[in-house]
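Accompanying notes for the structure given below.
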Amino acid sequence: MSKQRANLGFGDALSDLSAFVPTPKTAPKDKATEEAAVAAGFVSREPKAPEPTKPQRRRRTGRNVQFNIKAKPETIAAFYEIADANGWGLGETLEHAVDLLAKNNKV
């Protein structure tokens with residue numbers, strides 16, 4: 001076997017690529033294309049803006065028992081807001097809430 005490549009017959013056409021201009025990566029969007037996509041029910045796969053990340057709330061506190069509850073989104077947002085406003089962790093905020101409820105109910 002020879003180690004020479006087979007001649008495919010278009011070597012001269014590829015020897016000079018100076019006139020080659022690459023196309024842009026994304027095609028320009030025009031109004032007609034977008035209207036046709038909406039009319040056809042096309043769902044865009046373009047990446048959406050990233051959602052803001054929540055701050056990490058991890059601390060070494062000795063609290064090691066997990067407590068999962070379901071609540072309304074407004075309640076959870078208010079709980080986080082109280083914790084952040086006071087500089088408390090979530091476990092510490094829960095402890096303060098339980099202490100206040102116990103004092104009010106005289107338990």
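Any read-out appearing in this document is the output of simple, stated calculations on the displayed coordinates, not a laboratory observation. These numbers were taken from a predicted model, which means no experiment stands behind them. No Cβ is skipped: glycine too gets one built from the backbone with ideal geometry, and neighbour counts run over all protein chains shown.
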Once you put a point 7 Å from the Cα of GLU35 and another 7 Å from the Cα of PHE67, both along the Cβ direction, what distance in nm separates them? 5.9
Can you spot the lysines whose alpha carbon is less than 27 Å from LYS54's alpha carbon? Ignore those fewer than 8 places along the same chain. LYS70, LYS72
In terms of Cα to Cα distance under 18 Å, which aspartates and glutamates are near enough to LYS106, apart from those fewer than 8 places away along the same chain? GLU95
Give the lysines reachable from LYS31 as a straight Cα distance under 24 Å; neighbours fewer than 8 places away on the same chain don't count. LYS48
Cα-based Rg of the chain per 2.2 N^0.38 Å, rounded to two decimals? 2.44
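Order the peptides 57-65, 73-81, 93-101, 18-26 from the highest to the lowest mean number of other Cβ atoms within 10 Å of their residues.
Details: 57-65: 8.7, 73-81: 11.2, 93-101: 12.8, 18-26: 5.4.
Per-residue mean Cβ counts within 10 Å order the peptides as 93-101, 73-81, 57-65, 18-26.
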